[in-house]
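J.: Take a look at the following structure, please.
The values are calculated or read from the model by the stated rules, or taken from the named source; none is laboratory data. Computed from a predicted model, the values in this text were never measured in an experiment. A quick note on method: Cβ atoms are made from the backbone with ideal geometry, for glycine too, and the neighbour counts reach across all protein chains shown. Keep in mind that these areas ignore ligands, DNA and RNA; they rest on the heavy atoms of the full protein, side chains included. Shrake-Rupley method; radii C 1.70, N 1.55, O 1.52, S 1.80 Å.
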Amino acid sequence: TPPKVGQKTTYTVHWKIINQGNDLSDIRVVSFILPGTSWENKFKLAPSQSEIKYDPSLGRVTWLIPTVPAGTGVISPVFEAVFQVGITPSVNLAGQAIEILKETAFEAVDNFTKEDIMFTRSKITTSTVSDSPGTVQP
């Protein structure tokens, strides 16, 4: 269901990491929410030694992970950050796709080659989300 003008709609974002290559270290996954989008402060992290930070002055969401071993998501569980944001569209956004999350950047160091790994994923909008329900407990 598209968001309704003046009513808050909550979206659950899932970031997943699968690593079929070498061990990785110093992992940072970063994106931004726009003004008018609220950080709901509800999130779940796996593994638990990872950390998620939200900077309200910038709208920046950062997931920090010390290491991601080779085989994560293949021979061991996927690493995942799940968090919620809310959008209350104004009249000028009626009928439009609203940006939920800007482009997401992934950065890490390959422990074998010592090379920096960097790539980005497309932004998420209200027209690109799935309606699969999800629950996040704080």
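J.: Per residue, how much accessible area does the stretch 42-98 show when a 1.4 Å probe rolls over the protein heavy atoms, in square angstrom?
T.: Ligands and nucleic acids excluded, the figure is 52 Å² per residue.
J.: Starting from the Cα-Cα distance between residue 34 and residue 14, subtract it from 0.36 nm times their residue separation and give me the gain in nm to one decimal.
T.: 5.4 nm
J.: Okay, moving on. Count charges around residue 109 for me, please; just the other residues with Cβ under 15 Å from its Cβ, Lys/Arg as +1, Asp/Glu as -1.
T.: Once positives and negatives cancel, what remains is -4.
J.: Another one. Across the stretch 23-32, in residue order, what do the Karplus-derived ³J(HN,Hα) couplings come to in whole Hz, using 6.51 cos²θ - 1.76 cosθ + 1.60 with θ = phi - 60° and x for Gly and Pro?
T.: For the stretch 23-32, the Karplus-derived couplings read 4, 10, 9, 6, 7, 9, 10, 9, 8, 9 Hz, x marking Gly and Pro.
J.: Across the chain, how many lysine pairs, 8 or more apart or on two chains, come within less than 24 Å at their alpha-carbon atoms?
T.: Summing the qualifying lysine pairs gives 23.
J.: Given a 1.4 Å probe and every protein chain left where it sits, what share in percent of the accessible area of the chain is carbon and sulfur?
T.: The computed percentage sits at 52.
J.: Then there is this: Compactness ratio of the stretch 29-120: Cα Rg over 2.2 N^0.38 Å, N = residue count?
T.: My calculation over the Cα atoms of the stretch 29-120 gives 1.29.
J.: Where does the stretch 1-57 land on the Kirkwood hydrodynamic radius, alpha-carbon pairs, in angstrom?
T.: Taking every pair of different Cα atoms in the stretch 1-57, averaging 1/r and inverting gives 14.5 Å.
J.: Here's something else I'd like to know. What is the chain's relative contact order, in percent, from Cα pairs under 8 angstrom and six or more apart in sequence?
T.: 36 percent
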